[in-house]
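Trainee: Got a structure for you, written out below as structure tokens; questions coming shortly.
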Amino acid sequence: MATAVQAASGPGFVRGLWQRQIPRYPDTARRYVYLGIVVLATITLYYELYINGAVTPSILQGYGISFKYYVLILVFGNALGAFASLFAGLADRWGRANLVAYGLLATALLALVGVPNAHDGFSYGVMYSLITIVEGMVLVATPALVRDFSPQIGRASAMGFWTLGPVIGSLVVTEVTSHSLSHFAPGDWQTQYRIAGIVGMIVWAIAFVGLRELSPQLRDQLMVSLRDRALVEARARSLDVDKALEGNWRRVARPHIVAGALAVSLFLILYYTAVAFMVVYITTVFARSAFTQDDANSMLNWWWGVEAVALVVVGALSDRLLVRKPFMLVGAIGVLVMQLVLIHQTGVSDTSYNTLVVIFAFLAFFIALTYAPWMAAFTETVEKISPAATATGLAVWGWIIRAVVAVSFLLIPVVIGSVTPIVESGAVVQADLKDPKVAAAVQYGPTVQEYLKDQTVAAAVQYGPTVLADLQDAKVAAAVPIIQAHPAVFLQLAQYPPTQIPPAVLASAVQALGGGAQALAQLQTVGAASADPVSGPKLIYVVTHGPQVLAAQSDPVAGPKFAYVAAHGPAVQAALSDPVARAKIDYVAAHGPDVLRAQSNAPYEWQHWFWLCFVGQVIFIPLIFVLSGRWSPARARGDEKAHDQATSREMAALGLSPTA
């Protein structure tokens, strides 16, 4: 009797912090509490995991690492997460609750302390990889707990709530980031991790105290509906757990299990692309719209928000109709259609904010329409093999999905080569171009330098400003037209000092100028300018170089070039003379062409990537058929009725009340 009472009441508080198994299937209220804690834990873990996707440009700039190096961090982390998922398959033997509770503590500390104190790209990669290892294990443990606490009738709703974890995790990331990133110092992306770490510690405390799991005797059985509760508990008394767990890996390593897991992994490449790189996509492809990180995260709020609501609604509807496959098929076709829309829109550089929001919202809805029923169908397929192999089957799924994500991330820099120069240099180039001096030099400098290769233009530019300035002298301005009208006369007169011109030469000059008082007046005008100590040198400069300037201005080819250089050359020269502006100009000159070329190529490269996602979604459709479950609601209700009758007969044979 004492043993029975102890089993019913469970372990004491302190002992219960490690031994979390409960010997009876919980009532509805407690079951919802446990499921709520699992969902809350999942949301928190994915919140901590997905922060990097919202601040990718800031991470690259903060650590000074290349985009390829950053992608390798993601690839390595997901590869480690894949093998951690396989390890978590042992949850069928060791349980699930402790993996979740202590995993929450580990990721909270990594987010709160580890990542903010990572001072270079390598140490950040280590911290990120540790988070992915924990997440890989929890990826298996949390849906296993949801399966344990949810009969098959109601499984899609429960899995819809579980799938809220990654989706609302993404929503929390974009919501918090879009409203807080600009309130901290520029480049202070680490605060986003600190916020997540604080949230993680709070949720860990809740899970540490409140999370429990079913005993192996209970969870290793199939429960179709809550009406099976008494029968499951009766069977648990005689269930040989060790025998039930024998050969679990061999049982689940079947073609239809592997194919189903691979199918959904390929289908979700677009989703994981959105999580990790959609901010980069939005801020680099739509150049004319000039979307910021805040804009991108705000758009993604709609994706995650719509998907979160749809997951719950679709899960409930799937349970009500008792079918999964029709939802998966319609959802997959819808994703394909919206993927085509996204591919088309990717080439439109001035796409509006609202257009992208609508596309993202429909994609989110159709992904939810597919994924919540798939999770229910996959766990039911594993249960059909062996209910005791649930975590092992989910471990196979977790390994495959992480491996597919790792490979796809490895391909991103290959397919989308434009990302690297845009992410690494684009922000600096754009910031430098906001300096008016730099913008002028970049805009006009190449043309100015090209035009100056024309010797006529170069001479005019060299002498033109001084000629024009000297012509502001009234004496020079009056003398120059006279000299230009009679160059030979004044060339001859210039050979003599003004007071020593031979009478015959002077008489010849007067006659050449037309004679009379007018000729004498012209000679006096030129003489007065020549004899003036200020105007004289100016007159000589203008007479010597003015013809070159005039020739350039009147030349049909050199004239427009000279006008261009005269208009923009001073601004270019002023920028090149400024040390700060010159450094910016040199950076833009070095990286600007690559950035511009990448911006031009980005839409087409992203289209290629989305086509690869499209292929994965096409492959998913025929592999829907390998999973268990009916297509017809009527036949599904027939199966439910037959199961109820079989359960009633077995309960009667055991002497159990149908209402027990």
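The values are calculated or read from the model by the stated rules, or taken from the named source; none is laboratory data. Just so we're clear, the structure is a prediction, and the values are computed from it rather than from any experiment. Please note: Cβ atoms are built from the backbone with ideal geometry, for glycine as well, and neighbour counts cover all protein chains shown. The area values use the complete protein model at the heavy-atom level, side chains included, leaving out ligands, DNA and RNA. Shrake-Rupley method; radii C 1.70, N 1.55, O 1.52, S 1.80 Å.
Trainee: Looking at the range 597-629, which of its residues are in a helix (DSSP H, G or I) and β-branched (Val, Ile, Thr)?
Mentor: First pass over the range 597-629, keeping only residues in a helix (DSSP H, G or I): 597-620, 622-626.
Those that are in a helix (DSSP H, G or I) and β-branched (Val, Ile, Thr): Val615, Val618, Ile619, Ile624, Val626.
Trainee: Give me the pairs, please: first residue somewhere in the range 369-390 and under 13 Å from Ala156 (Cβ atoms) and open to solvent by 10 Å² or more (accessible area, probe 1.4 Å), second residue anywhere and not polar (S, T, N, Q) and not in a helix (DSSP H, G or I), beta-carbon distance under 6 Å, and either six or more positions apart or on two chains.
Mentor: none
Trainee: Would you be able to tell me the number of residues in the range 182-196 that are touching a residue at least 12 places away in the same chain (Cβ under 8 Å) and in a loop (DSSP other than H, G, I, E, B)?
Mentor: Final tally of qualifying residues: 2.
Trainee: Further, regarding this structure: With the condition kept exactly as written, say whether any residue in the range 341-356 is of a type in the set (S, T, N, Q) and open to solvent by less than 10 Å² (accessible area, probe 1.4 Å). Break it down into steps so the answer makes sense when it comes.
Mentor: Step one: filter the range 341-356 for residues of a type in the set (S, T, N, Q), giving 345-346, 349, 351-352, 354-355.
Now drop any that are not open to solvent by less than 10 Å² (accessible area, probe 1.4 Å), which leaves 346, 351.
Yes, that holds for at least one residue.
Trainee: Can you tell me which of Val615, Val595 is within 18 Å of Phe67 (Cβ to Cβ), among the β-branched types (Val, Ile, Thr) and either at pLDDT 85 or above or within 25 Å of the chain's Cα centre (by Cα) (or both)? Even if it seems obvious, please write down each step before you answer.
Mentor: Values: Val615 fails: within 18 Å of Phe67 (Cβ to Cβ).
Answer to the selection: Val595.
Trainee: With respect to Ser318, is the statement that it is farther than 25 Å from Tyr47 by Cβ and buried (at least 18 other Cβ atoms within 10 Å of the Cβ) true? Reasoning before the result, please.
Mentor: Details: farther than 25 Å from Tyr47 by Cβ: yes; buried (at least 18 other Cβ atoms within 10 Å of the Cβ): yes.
It is true that Ser318 is farther than 25 Å from Tyr47 by Cβ and buried (at least 18 other Cβ atoms within 10 Å of the Cβ).
Trainee: Condition first: of a type in the set (D, E, K, R) and part of a helix (DSSP H, G or I). Now tell me which residues in the range 198-239 satisfy that.
Mentor: Looking only at the range 198-239, we keep the residues that are of a type in the set (D, E, K, R), and these are 212-213, 219-220, 227-229, 233, 235, 237.
Within the range 198-239, Arg219, Arg227, Asp228, Arg229, Glu233, Arg235 qualify.
Trainee: Still on this model: Tell me, yes or no, whether the range 173-181 has at least one residue that is modelled with pLDDT under 90, under 18 Å from Ile131 (Cα atoms), in a helix (DSSP H, G or I) and open to solvent by less than 20 Å² (accessible area, probe 1.4 Å). Reasoning before the result, please.
Mentor: Let us first name the residues in the range 173-181 that are modelled with pLDDT under 90, namely 173-181.
This time we only want the ones that are under 18 Å from Ile131 (Cα atoms), so: 173.
Within this subset, residues satisfying the condition of being in a helix (DSSP H, G or I) are 173.
If we keep only those that are open to solvent by less than 20 Å² (accessible area, probe 1.4 Å) too, we end up with 173.
Yes, the range 173-181 contains at least one residue that is modelled with pLDDT under 90, under 18 Å from Ile131 (Cα atoms), in a helix (DSSP H, G or I) and open to solvent by less than 20 Å² (accessible area, probe 1.4 Å).
Trainee: Right, something else. So, restricting to helices (runs of 4 or more DSSP H) that lie completely within the range 315-426, which ones have at least 2 residues that are under 28 Å from the mean Cα position of the chain (by Cα), of a type in the set (Ser, Thr, Tyr) and within 30 Å of Phe87 (Cα to Cα)?
Mentor: Details: elements: 325-346, 353-385, 390-415.
Of the helices (runs of 4 or more DSSP H) lying wholly inside the range 315-426, those with at least 2 residues that are under 28 Å from the mean Cα position of the chain (by Cα), of a type in the set (Ser, Thr, Tyr) and within 30 Å of Phe87 (Cα to Cα) span 353-385.
Trainee: I'm told Pro560 meets every condition in (1) over 17 Å from Pro446 (Cβ atoms); (2) free of Cβ contacts under 8 Å to residues at least 60 places away in the same chain except one. Can you identify the failing condition by its number?
Mentor: The number of the failed condition is (1).
Trainee: In addition: Anything in the range 32-78 that is under 30 Å from Asp148 (Cβ atoms), surrounded by fewer than 17 Cβ atoms within 10 Å (Cβ to Cβ) and not hydrophobic (A, V, I, L, M, F, W, C)? List them, or say none. Spell out the reasoning first.
Mentor: Step one: list which residues in the range 32-78 are under 30 Å from Asp148 (Cβ atoms), which gives 32-51, 77-78.
Of the ones still in play, those that are also surrounded by fewer than 17 Cβ atoms within 10 Å (Cβ to Cβ) are 32-33, 36.
If the condition is that a residue be under 30 Å from Asp148 (Cβ atoms), surrounded by fewer than 17 Cβ atoms within 10 Å (Cβ to Cβ) and not hydrophobic (A, V, I, L, M, F, W, C), then Tyr32, Gly36 are the ones that fit.
Trainee: Something else: Tell me, which helices (runs of 4 or more DSSP H) wholly within the range 461-528 include 1 or more residues that are in contact (Cβ under 8 Å) with a residue 40 or more places away in the chain and touching a Lys or Arg at 6+ places or on another chain (Cβ under 9 Å)? Walk me through how you get there before you give the answer.
Mentor: Details: elements: 474-485, 487-493, 503-512.
Result: 474-485.
Trainee: Can you go through Gly569, Gly515, Gly527 and tell me which one is touching a Pro at 6+ places or on another chain (Cβ under 7 Å) and of a type outside the set (D, E, K, R)? Show your work before the answer.
Mentor: Working: Gly569 fails: touching a Pro at 6+ places or on another chain (Cβ under 7 Å); Gly515 fails: touching a Pro at 6+ places or on another chain (Cβ under 7 Å).
On inspection, the qualifying residue turns out to be Gly527.
Trainee: Among the residues that make up the range 382-389, is at least one of them out of contact with any helix residue (DSSP H, G or I) (no Cβ under 7 Å at 6 or more places or on another chain) and more than 20 Å from Trp304 (Cα to Cα)? If you could, list the steps in order and put the result at the bottom.
Mentor: Let us first name the residues in the range 382-389 that are out of contact with any helix residue (DSSP H, G or I) (no Cβ under 7 Å at 6 or more places or on another chain), namely 384, 387.
Those still in the list that are more than 20 Å from Trp304 (Cα to Cα) too: 384, 387.
Yes, the range 382-389 has at least one match.
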